[in-house]
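The values are calculated or read from the model by the stated rules, or taken from the named source; none is laboratory data. Computed from a predicted model, the values in this text were never measured in an experiment. Counting neighbours? That spans all protein chains shown, and the Cβs are built from the backbone with ideal geometry, glycine included.
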């Protein structure tokens, strides 16, 4: 791809080729400053790639050859992931409350306990991640996203910096709410207990949040205060004796999700689950998604290098790779069937049709 | 037809005068201004009254005859008053006074200077001078700003741009709490950045001006203080001080001459810095002040002069000196910037200093024009605004619908919580931050505007400016546009229209000085009906002229002239034979009838000096050198006499009178007193006016023969002058002399009176012969014209020359070729004009149908094209322009490949340009070198000035200035092509790159309840068009070259890409927008699907989108880059790396929302896989389209590029010779 023609004339042997030796003299720069001269004359050595059939076909084949294996590998990885998804928001409403879900969920006295049975379809290797999945919950709503105070979360000194937290900033005269804001206020509060054959499956809720968040974003000297004390309870309450940096559910929740359907890590089950085992889940169905039609799912999933179960990337890679290979073949056919020399001056418009213009 | 700026034409030529009785009394007793000889004053006093009535009559004539410039004369009378009052408001008024030769009127109409308007300068008493009047000091300031005024003034100037106001409004909107989409700092940043960059650029330029000012202000001059001359800094010079200038010094201010080293009080100045004329001009000190020496006696006096104005050819003042009142005129003042030459010293009194000097007042800024590309671009900007409004409307409507549907739930939806429950007042919870449904929609709309603001690319404006600066730099530095002979670089005076150079369709060119060198060479002569030319062409020899002995030194003329041997013999033979006598008279006329001043230039040989004739007209110089070659050497000229060395014998002639050349008479005359007391008048001038004053009854056959020879000469493309003479009887002489004295002493309308006197004596002449001068074509002109024509540029030549001369120059410059059909329009009435136009159109249609018929029958198509040439003269144009015939002329002219207009007046030139400009959208370029081209240069879309022999007025009015006509080829075909391609691509790319980002933001808004949350951090969205993506486009805009210079010059047809607007069209815009939408879809939706139902958080996904968008956008650019130099590599890859660094920094700040997100997502394989597939998927359609397009219907540029790369051109190089135009002039 070396630049021919022009570059060579601009390069070394200009004394012989340069038709303007006198002009060179006038240029203030002596020959040692070749670079400056080339620059001002816009003759810097350059590579001038051109879309030749060879390059085009090679590029397409290359993309195809790279993409298809990647696609296969990620598809395979996605297929290996075992995932159990169970929607429980509707089923966990007792029959008698079917038509008045709101009063059921808002009433403190109703029994919210709900038991679900899940069958393991394939063997699940530990760690098995337990997620809750909410749908139609706009954690990215502008009002919601902004309603937090990072300064307050980070250190005790920022406790009163709640001006961004409205309408959940102050609990009347009792002072600022810690953690303030809509996000914290609406903390998810369903709980899950797992057992297999009456053996309780431990759910490890440590290290479910980002290390960076725990260490730097949520202060170890900040304790919940006046939380959920207002006229409307939004979600979970927090143990006011535990600093925010250890309230991992809160930390996870406050990493607001990008999309209205999202999962949040609830915990990890660190034992393998055998195929066809039945897991009994006892759910405390506290969280109110009924007023805006949000769905709640419980998800158990293993993980692979590609993440969770998602065929999209694999399929996309296969598709793009396939298209590229197809294009490569198409172009090969075109070049073989209708060849045309590159850069033949006789194709120039005025050579083809001199009387045209 | 209005000239944008005044034409600075020397006053005697355009003197709009008003018929007004001259106010003689105050000046009647003064000696006349010492421009003529020093004859006693007494004669004039008696004659002045008798002569004036006729003078007035003449005024009427002249003003009616000058109907073409009636606009100027009308406005001038009103302007002159304004001029005086507003004159000192500095640089601003340079534009205001742009209606004509306003101040000239003031200076010429010699009225008593109004006491209020006058400035009083007490000579040698600066304290008293400055006590009452606040005259400016001599320190100058070309700089615009000071440290204090920089910020407000620069900001004010920058906000003249509408786009900036738009962004300011958006930034202000964002400060409202309800609308605060971005943090306050972030939202102001883009605007602040753009303002800052421009401010830095302005500050740098201003700093350079400051520096230049400082150097200028601190130069030293010799000032008379406290009885002696002291060195003083220029800035400390005050009005009223006496200043001494030595030879080769530059004048620090405008001063009235008091005395010079020359006993007659003459000083020679070079005005090259002022008007670019390199010849020496003479300035005179008043007789009365001549002998005064300030050291010995105290000089005092009072100068009353007009207010500062910018007319460099006019000055009106009077001086009270030792009880006398002396009148001062333009010949008594030397202006700042001039250089004193050939005069040991000159003494003067400062009258204007600093910014009130005429030179500073004439410092007009570069004209500002707008490129057609930018005008077209505005259309697309409007489309983009509509896009923006559409997006915002969609978002706000959807938001409204969503709010309506969830109206009942809003109060308790956890992510909305309309009511504030924390502190419930008795009457129930209140709404928090909710303004009602309609208002919410409206606010959403405004917020959407803020979020999507970069749909209108703010950075495009700054990028375009930077790119133009870069392009200008390269044009200026191009060695192929450097003129060695005049040491002149290419100049970019307008910064806004670089890309217009790539789309020119019409070139209007001046002839003299533009196509030709304006270096005249005497070729041949016809004397007394005998033609001394041709036939013996080979026997012509170069003769340097007879060496003349003077004071023991040998003088020889500087220029060699080809001489005719037979003629040489005749001159040597003396004047005894009748032939010899006529030859003698003829050459005497050539040597004497001029205004040249001989100067002696030292050579390496101490005893040899060269005679250098300094004068305003190159024709005169050529004739004088010719006369010298034949032994008639002019060796001395003073105001009273000339000394001519005739064949070694020195003869002294008294110059009794001189009627200078003017464009109405088109001739000049000199009245010589011979040693034998006879008086003869010698006249030389253009044939048209000369034959009307020649006595036709005398020597009919000589006149006839001369006419024939004249015709033959002009057919050869030579410039001809007719020379005639007459002996004056003593009574005739007396009569003339009285009239002349009276006229030259007239205080009002002197020029007109002189003209009348001249026409009285210039009659009944006896023809001596005619001279023929060759105006040589500039180097490379024929090749340049051929290249331009191959590039489908129509070349029109507009010249003041005769039709025959014009046609012959047309042939020699390859403008006309033998296979062209010429249509000549040469009519004297409107009717005949109409008829010839109709005939022409008929003929052209016939020819075109013929040729197309021949094409269809498949004949040899190359020969079938018959091109047409239209030749039209100025008289016909008078009938055509500004009438309904204009349309027909245009119709005809557009069919012709060559148009040649001869005998056209300056304003007609502009009229012709306007004719084309009005009727097509094609871009026009006018090129010229003289003051007569100014109107045309200003009228055309692009004006190019040639820095030539005729002064700097054309350059001052032009957008680009260069040394030679042939530089037009590299300017248009190479730089114009590149500039257009680069700029067009850059504009499209900028639209695309911002729209991609906006669409990515828009798609996300659809997933956030239409509430305009951005996943991309606010800092990234602000930096996107500043740091992330702007640098590569600027670099590519400056450096990328689609084709090499060599190819572009070899195939001028490639220029057609710009003419056809191939690189920027509505179609391309929409294709780009479709591509934009696809790319934004790929960037947005691939991660969306990949991260569906996962724990992905806003910041991580936002980072992915940011990086993906930046990489795609930069790779998109990389795909289109044609020449990869290391700068390009650095810019593109550097941008991507800079983006990553920025994203990392933003995510490493713990107080920001997305803390550490990039590190988390960067650890996952899915992130990298997403990135890879986004890039490939986004770019595939464009890539495929590009490949298919290049393969199936490659444009000329692509074919040429491939050919260039694979050397297909090289094989043919033997057949097609390298275009010699590229070679600079070499001698």
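Which one of B:397, B:413 is surrounded by fewer than 16 Cβ atoms within 10 Å (Cβ to Cβ) and either more than 25 Å from residue A:165 (Cα to Cα) or facing chain A (nearest Cβ under 9 Å) (or both)? Full working, then the answer.
Values: B:413 fails: surrounded by fewer than 16 Cβ atoms within 10 Å (Cβ to Cβ).
Of the residues listed, the single one that is surrounded by fewer than 16 Cβ atoms within 10 Å (Cβ to Cβ) and either more than 25 Å from residue A:165 (Cα to Cα) or facing chain A (nearest Cβ under 9 Å) (or both) is B:397.
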Which one is farthest from residue B:714 (Cα to Cα), of the residues in segment B:801-835 that are out of contact with any strand residue (DSSP E or B) (no Cβ under 7 Å at 6 or more places or on another chain) and in a loop (DSSP other than H, G, I, E, B)?
-> B:829
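Considering only helices (runs of 4 or more DSSP H) fully contained in segment B:1039-1101, which possess at least 2 residues that are facing another protein chain (nearest Cβ under 10 Å) and under 30 Å from residue A:263 (Cα atoms)?
Of the helices (runs of 4 or more DSSP H) lying wholly inside segment B:1039-1101, those with at least 2 residues that are facing another protein chain (nearest Cβ under 10 Å) and under 30 Å from residue A:263 (Cα atoms) span B:1066-1090.
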Identify, by number, the condition in (1) in a loop (DSSP other than H, G, I, E, B); (2) within 12 Å of chain B (Cβ to nearest Cβ) that residue A:90 doesn't meet.
-> (2)
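Out of B:899, B:944, report the one residue that is crowded, with 24+ Cβ neighbours inside 10 Å, outside any helix (DSSP H, G or I) and out of contact with any helix residue (DSSP H, G or I) (no Cβ under 6 Å at 6 or more places or on another chain).
Details: B:899 fails: out of contact with any helix residue (DSSP H, G or I) (no Cβ under 6 Å at 6 or more places or on another chain).
After applying the criteria, what remains is B:944.
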Matching residues, segment A:76-87, being in contact with a helix residue (DSSP H, G or I) (Cβ under 8 Å, 6 or more places away or on another chain) and surrounded by fewer than 19 Cβ atoms within 10 Å (Cβ to Cβ) = A:76
Please verify whether segment B:458-477 includes one or more residues that are part of a loop (DSSP other than H, G, I, E, B) and either buried (at least 19 other Cβ atoms within 10 Å of the Cβ) or within 33 Å of the chain's Cα centre (by Cα) (or both).
-> no
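Can you confirm whether segment B:496-509 contains a residue that is in the same structural domain as residue B:923 (by the TED database) and modelled with pLDDT under 85? Quick ask: steps written out before the conclusion?
Here is the first cut: in segment B:496-509, the residues in the same structural domain as residue B:923 (by the TED database) are B:496-509.
Among the residues that remain, those that are also modelled with pLDDT under 85 are: B:496.
Yes, some residue in segment B:496-509 is in the same structural domain as residue B:923 (by the TED database) and modelled with pLDDT under 85.
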Residue B:346 meets each of (1) touching a residue at least 40 places away in the same chain (Cβ under 8 Å); (2) part of a strand (DSSP E or B); (3) surrounded by fewer than 22 Cβ atoms within 10 Å (Cβ to Cβ) with one exception, condition (3)
Selected residue (criterion: surrounded by the fewest Cβ atoms within 10 Å (Cβ to Cβ)) from residues of segment A:159-185 that are touching a residue at least 60 places away in the same chain (Cβ under 8 Å) and within 10 Å of another protein chain (Cβ to nearest Cβ) = A:183
Just wondering, is there one or more residues in segment A:133-144 that are under 25 Å from residue B:1001 (Cα atoms), within 30 Å of the chain's Cα centre (by Cα), in a loop (DSSP other than H, G, I, E, B) and more than 7 Å from chain B (Cβ to nearest Cβ)?
-> yes
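Restricting segment B:479-510 to residues that are in a strand (DSSP E or B) and within 21 Å of residue B:920 (Cα to Cα), which is nearest to the other protein chains (Cβ to nearest Cβ)? If you could, list the steps in order and put the result at the bottom.
First, pick out the residues of segment B:479-510 that are in a strand (DSSP E or B): B:483, B:488, B:491-492, B:504-510.
Restricting the remaining residues to those that are within 21 Å of residue B:920 (Cα to Cα) gives B:504-509.
On the way: B:504: 16, B:505: 12, B:506: 16, B:507: 17, B:508: 21, B:509: 22 Å.
Looking at the filtered set, the residue picked out is B:505.
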Within segment B:930-939, is there a residue that is touching a residue at least 40 places away in the same chain (Cβ under 8 Å), in a strand (DSSP E or B) and farther than 25 Å from residue B:892 by Cβ?
-> no
Single condition residue A:268 does not satisfy, out of (1) within 22 Å of residue A:75 (Cβ to Cβ); (2) crowded, with 16+ Cβ neighbours inside 10 Å | (1)
Count of segment B:1116-1129 residues which are without any contact (Cβ under 8 Å) to a residue 12 or more places away in the chain and assigned to a helix (DSSP H, G or I) | 2
What single numbered condition from (1) closer than 23 Å to residue A:242 by Cβ; (2) more than 11 Å from chain B (Cβ to nearest Cβ) fails to hold for residue A:197?
-> (1)
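Please go through segment A:295-318 and pick out each residue that is more than 17 Å from the chain's Cα centre (by Cα) and facing chain B (nearest Cβ under 9 Å).
The initial filter retains those residues of segment A:295-318 that are more than 17 Å from the chain's Cα centre (by Cα), namely A:295-302, A:315, A:317-318.
Within segment A:295-318, A:297, A:299, A:317 meet the criteria.
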Given (1) in contact with a strand residue (DSSP E or B) (Cβ under 7 Å, 6 or more places away or on another chain); (2) farther than 24 Å from residue B:308 by Cβ, number of the condition residue B:233 does not satisfy = (2)
Taking segment A:228-244 and the residues there that are under 29 Å from the mean Cα position of the chain (by Cα) and within 13 Å of chain B (Cβ to nearest Cβ), the one that is surrounded by the fewest Cβ atoms within 10 Å (Cβ to Cβ) would be A:235
Examine segment B:440-451 for a residue that is touching a residue at least 60 places away in the same chain (Cβ under 8 Å), more than 14 Å from chain A (Cβ to nearest Cβ), under 20 Å from the mean Cα position of the chain (by Cα) and part of a helix (DSSP H, G or I), and state whether such a residue exists.
-> no
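Yes/no matrix, rows are residues, columns are (1) touching a strand residue (DSSP E or B) at 6+ places or on another chain (Cβ under 9 Å); (2) assigned by the TED database to the domain that holds residue B:996; (3) surrounded by fewer than 23 Cβ atoms within 10 Å (Cβ to Cβ); (4) assigned to a helix (DSSP H, G or I):
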| site | (1), (2), (3), (4) |
| --- | --- |
| B:1114 | no, yes, no, yes |
| B:1137 | no, yes, yes, yes |
| B:1144 | no, yes, yes, yes |
| B:1149 | no, yes, yes, no |
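Taking the criterion of being in a helix (DSSP H, G or I), more than 11 Å from chain A (Cβ to nearest Cβ), surrounded by fewer than 22 Cβ atoms within 10 Å (Cβ to Cβ) and free of Cβ contacts under 8 Å to residues at least 24 places away in the same chain, would at least one residue in segment B:1187-1205 satisfy it? Even if it seems obvious, please write down each step before you answer.
Taking segment B:1187-1205 as the starting set, the residues that turn out to be in a helix (DSSP H, G or I) are B:1187-1192, B:1196-1205.
If we keep only those that are more than 11 Å from chain A (Cβ to nearest Cβ) as well, we get none.
There is no residue in segment B:1187-1205 that is in a helix (DSSP H, G or I), more than 11 Å from chain A (Cβ to nearest Cβ), surrounded by fewer than 22 Cβ atoms within 10 Å (Cβ to Cβ) and free of Cβ contacts under 8 Å to residues at least 24 places away in the same chain.
Might you let me know whether segment B:720-732 holds any residue that is assigned to a helix (DSSP H, G or I), under 40 Å from the mean Cα position of the chain (by Cα) and modelled with pLDDT of 85 or more?
Keep residues of segment B:720-732 that are assigned to a helix (DSSP H, G or I), which gives B:730-732.
Then keep just the ones that are under 40 Å from the mean Cα position of the chain (by Cα); that gives none.
Scanning segment B:720-732, I find no residue that is assigned to a helix (DSSP H, G or I), under 40 Å from the mean Cα position of the chain (by Cα) and modelled with pLDDT of 85 or more, so the answer is no.
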Hey, among B:786, B:804, B:774, which residue is under 30 Å from residue B:626 (Cβ atoms) and out of contact with any helix residue (DSSP H, G or I) (no Cβ under 7 Å at 6 or more places or on another chain)?
-> B:774
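If I filter segment B:511-522 down to residues being outside any strand (DSSP E or B) and farther than 13 Å from residue B:964 by Cβ, which single residue comes out as modelled with the highest pLDDT? Full working, then the answer.
Applying the first criterion (outside any strand (DSSP E or B)) to segment B:511-522 yields B:511-515.
Applying the additional criterion that residues be farther than 13 Å from residue B:964 by Cβ yields B:511-512.
On the way: B:511: 83, B:512: 77.
My answer is B:511.
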Screening A:50, A:57 for residues that are within 11 Å of chain B (Cβ to nearest Cβ) and assigned to a loop (DSSP other than H, G, I, E, B) leaves only A:50
Tell me, yes or no, whether segment B:288-296 has at least one residue that is within 24 Å of residue B:359 (Cα to Cα) and modelled with pLDDT of 80 or more.
-> no
